[in-house]
Amino acid sequence: MRFVIAVIPAHNEEHGLARTLRSLANQTRPVDAVIVVADNCTDATVAIALAAGASVVETVDNSARKAGALNFALAEVLQLLDPTDAVLLMDADTQLSDGFVAAATTRLWRKQQGRAVGAVGGIFISDDEVSSMVGQLQTNEYVRYARHLGRRQGRALVITGTGSVFSVGALRAVVDGRRNGTLPDLGGTGCVYDTSALTEDNELTLCLKALHYRTVSPAECLVFTEIMPTWKMLYQQRRRWQRGAMENLLAHGLHAYTLPYITKQALTYLGVLFVPFYFVTLFAALTSAVGGGVDAFVPFWVLVAVTYVIEQTWSVRRGGWRAMLLSIAIVPELLFNLFLNTVYAFAIIALLFGTSEQWGQKSDEGTVAHRAEGGDDPTGAMTVSPAARSTGSHGWRAAWWARIIESSAALLVGFGMLLVFTIPFGHLPTAWMMMSIYVVCGFLATVFRLIPLPMS
């Protein structure tokens with residue numbers, strides 16, 4: 001008989017832990033044991049876990065947040081299980097769909113041709129009906145991500161930390177890889193998670209890919225999780241995600257398994273660069289005499305815009321009428337994309353100069369913020385604690401040669417941007433042609449996303 005053990009790291013999670021444990025109790029394929037890792041808790045987390053029948057282990061002098069808490073528990077758990085058993089790792093503020101464990105273990109234990117499945121991740125959606133603009137925009141984003149996974153037959157580029165099932169054999173292989181030097185271990189712990197990574201789940205996914213495991217996210221595996229309630233917290237979260245993803249790629253280096261991720265990052269920053277280039281080109285065309293000889297192809301650009309709106313609205317139909325209404329309004333999502341581009345720009349600046357990050361989660365001092373002294377402050381004032389920060393920097397970044405490389409890269413990026421933004425005023429037809437090629441490529445990608453494909 002194969003076992004499934006659930007491990008839940010929890011730092012002061014008294015408000016959401018009971019719901020999380022109920023979602024485990026309601027599984028059609030129950031887990032065989034639940035372990036709550038109480039990480040420096042000062043509230044009723046331990047009492048709630050024990051009352052629900054879970055086992056509790058408390059960390060000792062852990063300063064590595066979630067990754068450290070999980071390493072602490074997994075160091076013991078992995079020794080007790082067989083390689084064919086499974087470990088469910090999930091957040092303490094997350095609920096699972098009733099069939100999550102059954103669907104995940106079915107995919108994990110299915111006889112495979114070729115590479116084995118090392119992890120089955122959830123598809124995350126909001127756990128509450130949202131009413132704010134920032135919440136609905138995130139909901140739309142999650143709905144599109146779920147559709148994207150469906151079109152990829154469930155093949156996941158990143159296994160989410162909110163709720164995923166891992167093969168014990170795969171996790172042991174990661175530990176072995178870190179200890180023998182075939183996998184990065186910049187935190188120096190020799191454990192499942194690299195505690196130096198800002199995005200430990202993304203880094204663990206790369207490790208599984210390096211070991212030739214498959215990672216999947218079936219449509220049946222849903223996780224209901226909290227979304228960021230404010231723009232400030234969303235900015236902190238997404239900046240950490242983006243910077244962490246880039247630092248993980250730097251840690252792993254150029255390999256066949258990292259090439260898709262590197263390509264995705266390159267395309268992301270091409271898009272970031274395109275937006276200001278687009279506006280500069282339009283400005284140059286409008287202010288130049290007779291448009292500088294540029295033919296605007298107005299009917300084609302109308303077709304592009306209409307196709308984009310149709311695809312964006314169609315892709316969120318499963319999110320309900322609010323999602324579709326927000327999408328068809330166009331402007332809010334365009335502004336949201338500009339917001340994300342700004343996040344990406346600041347993330348690469350932070351990467352180059354090694355600035356500190358704020359954690360960007362909805363919790364107290366162990367994550368992004370906690371309520372100011374006084375407890376139930378009716379103003380909802382939030383204060384950032386020192387424990388909510390992370391440098392996101394690895395040891396080698398302090399070396400003088402690393403700083404020279406980073407500074408040189410920053411100068412190169414700045415010089416490249418200067419050249420790009422002088423093209424519209426130096427030779428407008430060339431700039432217009434560059435912009436047209438980019439838009440046509442985006443149009444073709446949009447049309448492709450409208451083509452029905454088999455869903456997983």
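The values are calculated or read from the model by the stated rules, or taken from the named source; none is laboratory data. This structure is a prediction, so every number in the text was calculated from the model and none was measured. FYI the Cβ positions are ideal-geometry reconstructions off the backbone, even for glycines, and counts take in every protein chain you see. These accessible areas exclude ligands, DNA and RNA; they are computed on the full protein's heavy atoms, side chains included. Shrake-Rupley method; radii C 1.70, N 1.55, O 1.52, S 1.80 Å.
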Close pairs from the range 416-434: first in a helix (DSSP H, G or I), partner loosely packed, with under 12 Cβ neighbours inside 10 Å and at pLDDT below 85, Cβ under 7 Å, at least 6 apart: Pro429/Gly293
Members of the range 219-240 found to be in a loop (DSSP other than H, G, I, E, B) and open to solvent by less than 40 Å² (accessible area, probe 1.4 Å), listed by number: Cys221, Ile227, Met228
The range 94-119: number of residues that are surrounded by fewer than 20 Cβ atoms within 10 Å (Cβ to Cβ) and either in a loop (DSSP other than H, G, I, E, B) or touching a His at 6+ places or on another chain (Cβ under 9 Å) (or both): 9
Residues of the range 143-170 classified as over 18 Å from Phe100 (Cβ atoms) and open to solvent by 10 Å² or more (accessible area, probe 1.4 Å), total: 10
Any hit, the range 284-291, residues being crowded, with 17+ Cβ neighbours inside 10 Å and at pLDDT below 90: yes
All positions within the range 292-328 that are at pLDDT below 80 and more than 16 Å from Met435 (Cβ to Cβ): Pro299
Condition check for Ala350: modelled with pLDDT under 90 and open to solvent by less than 20 Å² (accessible area, probe 1.4 Å): yes
From Val158, Val143, Val130, Val134, residue being over 14 Å from Arg214 (Cα atoms) and assigned to a loop (DSSP other than H, G, I, E, B): Val130
Per-region count, the range 168-205, residues in contact (Cβ under 8 Å) with a residue 12 or more places away in the chain, not polar (S, T, N, Q) and not in a helix (DSSP H, G or I): 11
Verdict on Leu208 being part of a loop (DSSP other than H, G, I, E, B), touching a residue at least 12 places away in the same chain (Cβ under 8 Å) and either crowded, with 17+ Cβ neighbours inside 10 Å or under 16 Å from the mean Cα position of the chain (by Cα) (or both): no
Some residue of the range 314-333 being assigned to a helix (DSSP H, G or I), open to solvent by 40 Å² or more (accessible area, probe 1.4 Å) and farther than 26 Å from Ser132 by Cβ: no
Flag for Asn180 being of a type in the set (S, T, N, Q), on the phi < 0 side of the Ramachandran plot and open to solvent by less than 20 Å² (accessible area, probe 1.4 Å): no
Residue within the range 27-45 that is in a helix (DSSP H, G or I) and within 24 Å of the chain's Cα centre (by Cα) present: no
The range 1-10: number of residues that are touching a residue at least 40 places away in the same chain (Cβ under 8 Å) and open to solvent by 30 Å² or more (accessible area, probe 1.4 Å): 2
Leu273, sole failed condition from (1) surrounded by 13 or more Cβ atoms within 10 Å (Cβ to Cβ); (2) at pLDDT 90 or above; (3) not hydroxyl-bearing (Ser, Thr, Tyr): (2)
From Asp82, Asp91, residue being closer than 23 Å to Tyr193 by Cα, among the acidic types (Asp, Glu), surrounded by 15 or more Cβ atoms within 10 Å (Cβ to Cβ) and modelled with pLDDT of 90 or more: Asp91
Count of the range 120-142 residues which are open to solvent by 30 Å² or more (accessible area, probe 1.4 Å) and over 18 Å from the mean Cα position of the chain (by Cα): 5
Residues satisfying the stated conditions in the range 30-49, i.e. in contact (Cβ under 8 Å) with a residue 40 or more places away in the chain and surrounded by fewer than 15 Cβ atoms within 10 Å (Cβ to Cβ): Pro30
